[in-house]
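Enquirer: A single structure is presented below for examination.
The values are calculated or read from the model by the stated rules, or taken from the named source; none is laboratory data. Values in this document were obtained by computation on a predicted structure and should not be read as measured data. Cβ atoms come from the backbone with ideal geometry, glycine included; neighbour counts cover every protein chain shown. With ligands, DNA and RNA removed, areas are computed over all heavy atoms of the protein, side chains included. Shrake-Rupley method; radii C 1.70, N 1.55, O 1.52, S 1.80 Å.
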Amino acid sequence: MLIYILKRLGLALIVALTVSVIAFALLRASGDIATALAGEGATPESIAVIRQTYGLDRPVVVQYFAWLWDVARGDFGQSFFFRTDVAGLIFGKIGNTLILGGASLAIALALSIPLGVLAAIYSGSMIDRAVTMFSLLGQALPSFFLGLALIMIFAIRLRWFPASGTDGWRNFVLPAVTLGYYITPPFMRLVRAGMIDALNTDYVRTARAKGLPARRVVFKHALRNALVPVVGLVAVQLGLLMGGSVVVESIFALDGLGYLAYQSISYRDFPVLQAVVLLLSLAYVVLTLLSDIINAWLDPRLRAA
Amino acid sequence: MLKPLLSVRDLRVDLNTRSGVLHAVRGISFDVAPGETLCIVGESGCGKSMTSLALMDLLPRVARRSADEITFDGQDLTRRRIAGKLRGRRMAMIFQEPMTALNPAFTIGDQMVEAYLYHVGGTRAQAVDRAAQMLEKVGIGSARSRLGQYPHQLSGGLRQRVMIAMALMTDPELLIADEPTTALDVTIQAQILRLLKDLQQELGLAIILITHDLGLVSRIADRIVVMYAGAIVEEGTAAEIFDRPAHPYTRALIDCIPQPGKTERGAPLGTIPGVVPLLIGRQDGCAFRDRCSLAQPRCADDIPTQDAGSHHWVCIHGGQA
């Protein structure tokens, strides 16, 4: 198991370095940075000065390692648009996005695992169809619509939760429900399919033959095997989660990374975008690593790989 | 015959399929005495596996079971609450595919102690001791370290031994074995069969062995039930079936066994021409008549059951016809 984790860790490091190269190239590929920094109508002389001050006249490889060294120390450069430190900008907002993402994921799993299991046990029945409809609705309903509907009902009419802002945990409830429901369908489908397969396996029949109570057969013997692909999906769903959080954070004026990413794209604020892309990719790498480790714990056959 | 351990009367299994209701088991009755080995034989699709699954209440969801009587030691197995208490405790089952019958996510030990702790109780340490003891009993060395292994670390033969050990954890009186050696290679088959035989003598276990392999049956059976197209066509002691097979189907099955000294070297192995009929809808008369060399027009009518003591067969022909 330890060897397996070390192997995965090494692999994750290689991927992270590759990602950093791409994130670095992203900024260079967007055009001449010195020209962009100097702004419109700058003289060639002032552009040359900027180029020298920011070290943009050095070889690209040198620039990369200088940049990597800066990033490793938490220095992501200056935002073109906000004219402030990118690191400060991001770290002020990343907490909100992490809370939103974590809460949404928790809601999605809390919905999809029991519902998926239920749909699988009663597959083909009315219960199965109702669960499938509920998850289809989550997929079909745009999150801006659900978000606005929730604001109408729970913020304006019932006044249970605030409609916008980032003041306390109450601010996160409606956005997390919106985003959680949005990412539920793929999890639900995977749990359902995995459970239908698992319930038809020989080892579940063996567990039944042993006379174990139904809930032990379902939740111990079948679910453990059905969860392996679900854990893998968590990492993959990060993209959907981030895409969704851009919309959801905008609706609820939640001051997070998704909203910042949206702004940096519209203002061509490349240093911010570069930092966001890098952080997201690293989060992806870390989540993949975690899901590999969790899966190795769930399914011992993977440990040999 | 002793007071039967298991009594089955008019057991039926129906499956809903797209082309109609498939009657997989068509009203069969038999008894199993304590400590005896009953072999249920027949070709694929004759309903023998469905019979075994029906006894353990493990039928697939599309299947419906009905019976006038299924009792185990006098207790009504058709009542779910009673069946739940007996299954996995006093009656256990092993399956054809040892490669997939164990859960890949849990250690052998974990899977072995599970039913014991649930049915019998006691501490985990006691259950682990019992598991190690059972592994040794089925011929698995260094049992303690095996308990920590996962199924994928064991060979097929070992896994089937583990399945047997696991089934015997709760000291059951009846073991249902559905084609337990079919998926294994020949040398391992012989070992597993010998093991079952030894365990039966040691533990006084009754065994229902489901198989298509009459060669296997000849080495272990006390009594034999021959099934064809969902019904029992002949039943008797091993001696009666092998020495005086009465039903043409039984004789055809026996003729398919290659015998050292008798079967000519290089001669083609015996086969029964034709296939098992579809089991959808009613079956009038003898289901075997299309493949039977002795078939007569009256085989399409109701066929009487003929008896000679413990030997019964369902055919118009007499014992040695």
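Enquirer: Write out the trypsin sites (Lys or Arg not before Pro) in the stretch B:25-86 meeting two conditions: DSSP loop, and at most 16 other Cβ atoms within 10 Å of their Cβ. Before the final figure, lay out each step's value.
Expert: Values: sites: B:ARG26, B:LYS48, B:ARG61, B:ARG64, B:ARG65, B:ARG79, B:ARG80, B:ARG81, B:LYS85; in loops: B:ARG61, B:ARG79.
Taking the stretch B:25-86 and a limit of 16 other Cβ atoms within 10 Å, the loop trypsin sites (Lys or Arg not before Pro) found are B:ARG61, B:ARG79.
Enquirer: List the trypsin sites (Lys or Arg not before Pro) within the stretch B:242-321 that fall in a DSSP loop (any state other than H, G, I, E or B) and whose Cβ has at most 10 other Cβ atoms within 10 Å.
Expert: B:LYS262, B:ARG265, B:ARG282
Enquirer: Hey, got the average number of other protein chain Cβ atoms within 10 angstrom for residues in B:91-99? Please report the intermediate quantities before stating the final value.
Expert: Values: counts 2, 3, 5, 2, 5, 1, 4, 1, 1.
Mean shielding count: 3.
Enquirer: Apply the membrane-span-like helix rule to chain B: whole DSSP H runs, Cα extent along the own long axis of at least 15 Å, mean Kyte-Doolittle hydropathy at least 0.0. List the helices found.
Expert: Span-like helices here: B:156-167, B:186-203.
Enquirer: Let me ask another. Calculate how steeply helix A:2-29 sits against the longest principal axis of the alpha-carbon atoms of chain A, using the helix alpha-carbon long axis, and give the answer as 0 to 90 degrees to the nearest 10.
Expert: It is inclined by approximately 40 degrees.
Enquirer: Which angle between 0 and 90 degrees, to the nearest 10, do you get for helix A:60-72 versus the longest principal axis of chain A when only C-alpha atoms count?
Expert: That helix lies at roughly 60 degrees to the long axis.
Enquirer: What is the spin-label model distance, in nm, from B:ARG18 to A:ASP255 if the labels are put 7 Å beyond Cα along the C-beta direction?
Expert: Those two pseudo-labels are separated by 6.1 nm.
Enquirer: Another question about this same structure. Once both labels are modelled 7 Å past Cα along the beta-carbon direction, what's the B:ASP307-A:TYR262 spacing in nm?
Expert: 8.5
Enquirer: Counting only other residues whose beta carbon sits under 11 Å from that of B:ALA190, what net charge do I get with K and R as +1, D and E as -1?
Expert: Computed value for this residue: +2.
Enquirer: Just the accessible area per residue of chain B, please: how many Å² with a 1.4 Å probe?
Expert: 45
Enquirer: What do you get for trypsin sites (Lys or Arg not before Pro) in the stretch A:7-103 restricted to DSSP loop and a cutoff of at most 16 other Cβ within 10 Å of the site's Cβ?
Expert: A:ARG73, A:ARG83
Enquirer: Here's a follow-up. Mind checking which of B:ILE272, B:ILE192, B:ILE108 has the largest fluctuation in a GNM of chain B, springs on alpha carbons under 10 Å?
Expert: B:ILE272
Enquirer: Hey, any idea what % of the stretch B:122-268's accessible area is carbon plus sulfur with a 1.4 Å probe? Walk me through the numbers before you get to the answer.
Expert: Working: 2950 of 6100 Å².
Its accessible area is 48 percent carbon and sulfur atoms.
Enquirer: How much of the DSSP beta bridge set in the protein assembly as shown is antiparallel, as a percent to the nearest 5?
Expert: 65
Enquirer: Round to the nearest 0.05 the FRET efficiency obtained for A:ILE153 and A:PHE219 when R0 = 45 Å and r is the Cβ-Cβ distance.
Expert: E between A:ILE153 and A:PHE219, to the nearest 0.05, is 0.85.
Enquirer: Follow-up question, since we're still on this one. Pairwise over distinct Cα atoms, reciprocal of the mean inverse distance: report the Kirkwood radius of chain B in Å, one decimal place.
Expert: Radius from the Kirkwood sum: 20.8 Å.
Enquirer: Further question on the same structure: Using a cut-off of 12 Å between beta-carbons, work out the net charge of the residues near A:GLY165 (Lys and Arg +1, Asp and Glu -1, A:GLY165 not included).
Expert: With Lys, Arg at +1 and Asp, Glu at -1, the net is -2.
Enquirer: Nearest 100 Å² is fine: what is the total accessible surface buried where chains A and B meet, probe 1.4 Å?
Expert: When A and B are taken together, about 2200 Å² of accessible area is lost.
Enquirer: Hey, another quick one. Taking the solvent-accessible surface of protein heavy atoms with a 1.4 Å probe, what is the per residue accessible area of the stretch A:1-132 in Å²?
Expert: With the other protein chains kept in place, the stretch A:1-132 gives 58 Å² per residue.
Enquirer: Ok, one more. Quick check: pseudo-label points 7 Å beyond the Cα along Cα→Cβ at A:ASP32 and B:GLN201, how many nm apart are they?
Expert: For A:ASP32 paired with B:GLN201, the spin-label model returns 9.7 nm.
Enquirer: To the nearest 0.05, how large is the calculated FRET efficiency for A:THR84 and B:SER142 if R₀ is 51 Å and r is the Cβ-Cβ distance?
Expert: After rounding to 0.05, the efficiency reads 0.15.
Enquirer: Quick check: residue separation of A:ASP75 and A:PHE91 times 0.36 nm, minus the Cα distance between them. What number comes out in nm?
Expert: Working it through step by step, the gained length comes to 4.6 nm.
Enquirer: Still on this structure, please answer the following. For B:ASP255 and B:SER155 in the same chain, what is the full-extension length gain: residue separation times 0.36 nm, less their Cα-Cα distance, in nm?
Expert: On the way: separation 100, 0.36 × 100 = 36.00 nm, distance 3.36 nm.
Difference between extended and current length: 32.6 nm.
Enquirer: Which residues does the label zone of A:LEU13 cover in the stretch A:272-300, counting backbone N under 18 Å from a point 7 Å along Cα→Cβ?
Expert: Backbone N within reach: A:282-283, A:285-290, A:293.
Enquirer: Moving to a separate point now. Please work out the ratio of the alpha-carbon Rg of the stretch A:93-268 to 2.2 N^0.38 Å and round it to two decimals.
Expert: The value comes to 1.19.
Enquirer: Rounded to the nearest 0.05, what FRET efficiency do A:TYR64 and A:LEU302 give with R0 = 25 Å and r taken as the Cβ-Cβ distance? Could you check?
Expert: Once the sixth-power term is evaluated, E becomes 0.10.
Enquirer: Let me ask you something else. Relative contact order of the stretch A:93-268: what whole-number percent is it, with Cα pairs under 8 angstrom and at least 6 residues apart?
Expert: The value is 33 percent.
Enquirer: Can you give me the % of accessible surface on the stretch A:93-268 that is carbon or sulfur? Probe 1.4 Å, all protein chains present, nothing else counted.
Expert: That share works out to 69 percent.
Enquirer: Then there is this: Which whole-angstrom value gives the distance between the alpha carbon centres of the stretch B:226-246 and the stretch B:70-85?
Expert: Cα centres, the stretch B:226-246 to the stretch B:70-85: 28 Å.
Enquirer: Here's a follow-up. Hey, what angle do you get for helix A:270-298 against the long axis of chain A, alpha-carbon based, 0 to 90 degrees rounded to 10?
Expert: 30
Enquirer: Give me the net charge for the shell around B:ILE82: Cβ to Cβ below 12 angstrom, other residues only, Lys and Arg +1, Asp and Glu -1.
Expert: +4
Enquirer: Something else now. Please compute the contact order of the stretch A:179-305 in relative form: average sequence separation of alpha-carbon pairs under 8 Å and at least six residues apart, divided by the residue count, as a percent.
Expert: It rounds to 25 percent for the stretch A:179-305.
Enquirer: Run the paramagnetic zone check for B:THR78: 7 angstrom along Cα to Cβ, then residues of the stretch B:21-63 with backbone nitrogen under 19 Å.
Expert: B:23-32, B:50-60, B:63
Enquirer: Along its three principal axes, how long is the protein assembly as shown when you only count alpha carbons? Whole Å, largest extent first please.
Expert: So the three principal-axis extents are 115, 56, 52 Å.
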